[in-house]
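What follows is a set of notes on a single structure, which appears directly below.
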Amino acid sequence: MSVHAAVDGSGAAASRPVTIHDLATARRDGERFIMVTASDASSGAILDEVGVPVILVGDSLAMVALGYDSTLPVTLDEMLHHTRAVTRGVRRALVVGDLPFGSYQAGPTAALHAATRMLKEAGAGAVKLEGAGRTVESTALLVEAGIPVMGHLGLTPQSVHQFGGFRVQAKDDAAADRIVSDAVELADAGAFAIVLECVPESVGRRVTDAVDVPTIGIGAGQHTDAQVLVWHDLLGLTTGRLPRFVKAYADLRSEISAAVKTFASEVADGEYPGPEHTYGG
């Protein structure tokens, strides 16, 4: 099955659910695809209806949905709450639940506990973990337990303090070599895909060539198998300075502002509600 859904006349994706095996097939066939974040039922449903194959309930929701200044404060219970909402709106896409900071760093046992909750309680089809090192061991244990794992290398936001801020990673040869070797270890441990964030394009290409699983880039250049963007960035809802890799495909912030201002004006002028919006009797 192609990861790109056939969409019927009603706008609904008419196909069976996407699996990690479909993503592996897409990689083998050279079929590029997208992953988009969602944090509620309506955003999940819209993405699912247009055929997005992979929806990430990312811990970026800590900032864009919950108002935190980084991803670090968001809790596992908050991530479970949002993942449950997204899965209620999704019928076809593979939903990946991000495991937040503090839920798996203690080691494989903690990771297994958190990941089990993400599948059992929230209905996710897979989980995402950041980094390598001990995460490789955790990945192996989760995969052995039947839990699909997506890796995440490069700029891993949960390690922002260690990195000294949101900076491009792997800019020298030693760091690039380390990311390539980390990616190979994660793939060997059973990760079904690897996100590469904020690394030079050459590193994105090297990792993609070095592993047999799909690579998903976000600021990693053109040579990954897939690309991911945050819902709010993609739709032009985010304000302030944005990373170089962000491309807004709409300006919904301006459209929403205009719509609300028009609503307020029509109410003030007595134009709304009109007869067509009023019940008789």
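Any read-out appearing in this document is the output of simple, stated calculations on the displayed coordinates, not a laboratory observation. Computed from a predicted structure; not experimentally measured. Counting neighbours? That spans all protein chains shown, and the Cβs are built from the backbone with ideal geometry, glycine included.
Among 88, 27, what is the fewest-to-most ranking by other Cβ atoms within 10 Å?
Ascending Cβ contact count within 10 Å gives the list 88, 27.
For residue 258 and residue 209, calculate 0.36 nm times their separation in residues minus their Cα-Cα distance, and state this gained length in nm to one decimal.
Here the answer is 13.0 nm.
If a helix is a whole DSSP H run, which ones in the chain reach 18 Å or further along their own axis (Cα) and hold a mean Kyte-Doolittle hydropathy of at least 0.0?
Helices meeting the span and hydropathy rule in the chain are 173-189, 252-269.
Give the average over all directions of the projected area of the C-alpha convex hull of the range 52-111, one decimal, in nm².
That works out to 4.5 nm².
Taking chymotrypsin sites (Phe, Trp or Tyr not before Pro) as candidate sites, keep only those in a DSSP loop with at most 14 other Cβ atoms within 10 Å, then name the longest stretch of the chain containing none of them.
No qualifying site falls inside 1-165, the longest such stretch.
I need the trypsin sites (Lys or Arg not before Pro) found in the range 194-281, filtered to DSSP loop residues with at most 15 other beta carbons within 10 Å of theirs. Mind dumping the intermediate values first?
Details: sites: 205, 206, 241, 244, 247, 253, 261; in loops: 241, 244, 247.
Here the trypsin sites (Lys or Arg not before Pro) that fit, given the DSSP loop and packing criteria, are 241, 244, 247.
Report, in debye and to the nearest 20, how large the dipole of the chain comes out about its Cα centre when Lys and Arg carry +1 and Asp and Glu carry -1 on their Cβ.
240 debye
Could you please state, rounded to a whole Å, how far the C-alpha centre of the range 163-236 is from the C-alpha centre of the range 13-56?
Value for the Cα centre distance between the two parts: 19 Å.
Within the range 164-228, list the GluC sites (Glu not before Pro) lying in a DSSP loop whose Cβ has at most 12 other Cβ atoms in a 10 Å radius.
On the way: sites: 185, 197, 201; in loops: none.
The qualifying sites: there are none.
In whole Å and largest first, what semi-axes does the C-alpha gyration tensor of the chain yield when each eigenvalue is scaled by 5 and square-rooted?
Ellipsoid semi-axes (Å, largest first): 35, 21, 19.
At 222 nm, what helix-only mean residue ellipticity would the chain give, in deg cm²/dmol to the nearest 500, using -39500 (n - 2.57) for each DSSP H run of four or more?
Working: 11 runs with 114 residues, N = 281.
Calculated from helices alone, the mean residue ellipticity at 222 nm is -12000 deg cm²/dmol.
Exposure proxy check: 276, 130 ranked by fewest other beta carbons within 10 Å?
Placing the least packed residue first, the sequence is 276, 130.
Taking the Cα atoms of the range 17-132 alone, what are Rg (to one decimal) and Dmax (as a whole number) in Å?
In order Rg, Dmax, the Cα atoms of the range 17-132 give 14.0, 40 Å.
Do you know the Lys pair count in the chain for C-alpha distances under 28 Å, with sequence separation 8 or more or different chains?
Lysine pairs meeting the criterion: 5.
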